[in-house]
Amino acid sequence: MGKLINSLERLLLSRPKMDDYLSMLPNEKDFIDDVIKNYVKPNSILRTKKHFFLRKNVEPKSNDFWKLSWNDILMIRNGFKKNNLYDVLKILYPIDEKQFLKLEILNVFACYKYITEQMQKLEAAELERLNSEIKDEDKMAGAEELLEYGYYNSLRAICPDLTKQEEYLKLPYTIIFRELAISKLINDINLKKQENASRKNQTNGR
């Protein structure tokens, strides 16, 4: 950038872009990272300029993440895993990589924080309704090996028909979540029945 950004005021005045970030000195990056961590608030609006975009400001394709497709949710999570800002933002905003580099750093991270915040709400619901511990006997049988297949375990469970799985990935996540929650509930009920029957048989056998 040619000059050291060493104050919040100068940072706000200079409004550096994502492509500037690539050429910053280490202490400039550290300063910006600290500002992002402590001062930047979540914001769903991506600020753009008509020189590079069709319109000035861009909203995400949905503010209700439950309405995003299952595939969108999976792609966002994959972007998080790779720590790739562009891969995450392009799912929700109509931008290409060149346009991404012309976006203001602080606004990009504000949108990224917004997306993270919304995804955390989904994950909280998943933890409450979908989470289940692997029993010791299942671990001994090798059940943990299934974890490497990630989402495909869930896809296969609610859609065994291989010819229809692509269509399921296009469905709103709220529908997928409901199906997974019901499937887990039914499975839990059946396991409880089996355990009760086993205890009853043991009692009758005494």
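The values are calculated or read from the model by the stated rules, or taken from the named source; none is laboratory data. Being a predicted model, the structure only gives us computed values, none of them experimental. Cβ placement follows ideal geometry from the backbone for every residue including glycine, while neighbour counts extend to all protein chains displayed. Surface accessibility is based on the protein's heavy atoms, side chains included, excluding ligands, DNA and RNA. Shrake-Rupley method; radii C 1.70, N 1.55, O 1.52, S 1.80 Å.
Computed quantities for the displayed model
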item	result
Hey, Leu127 open to solvent by 70 Å² or more (accessible area, probe 1.4 Å) and over 11 Å from the mean Cα position of the chain (by Cα) or not	yes
Filter pass, Asn107 being under 9 Å from the mean Cα position of the chain (by Cα) and not aromatic (Phe, Trp, Tyr)	no
Any pair with Cβ under 6 angstrom, 6 or more apart, that starts in region 23-48 at a residue that is within 22 Å of Phe65 (Cα to Cα) and ends at one that is open to solvent by less than 60 Å² (accessible area, probe 1.4 Å) and in a loop (DSSP other than H, G, I, E, B)	Ser44/Pro60; Leu46/Tyr93
Residue, nearest to Phe65 (Cα to Cα), within region 94-120, restricted to residues that are modelled with pLDDT of 95 or more and among the aromatic types (Phe, Trp, Tyr)	Tyr114
Region 31-48: number of residues that are surrounded by 15 or more Cβ atoms within 10 Å (Cβ to Cβ) and either assigned to a helix (DSSP H, G or I) or out of contact with any Asp or Glu (no Cβ under 9 Å at 6 or more places or on another chain) (or both)	7
Residue within region 101-113 that is over 23 Å from Glu167 (Cα atoms), free of Cβ contacts under 8 Å to residues at least 40 places away in the same chain and surrounded by 14 or more Cβ atoms within 10 Å (Cβ to Cβ) present	yes
Glu28, sole failed condition from (1) farther than 17 Å from Tyr93 by Cα; (2) open to solvent by 20 Å² or more (accessible area, probe 1.4 Å); (3) not aromatic (Phe, Trp, Tyr)	(2)
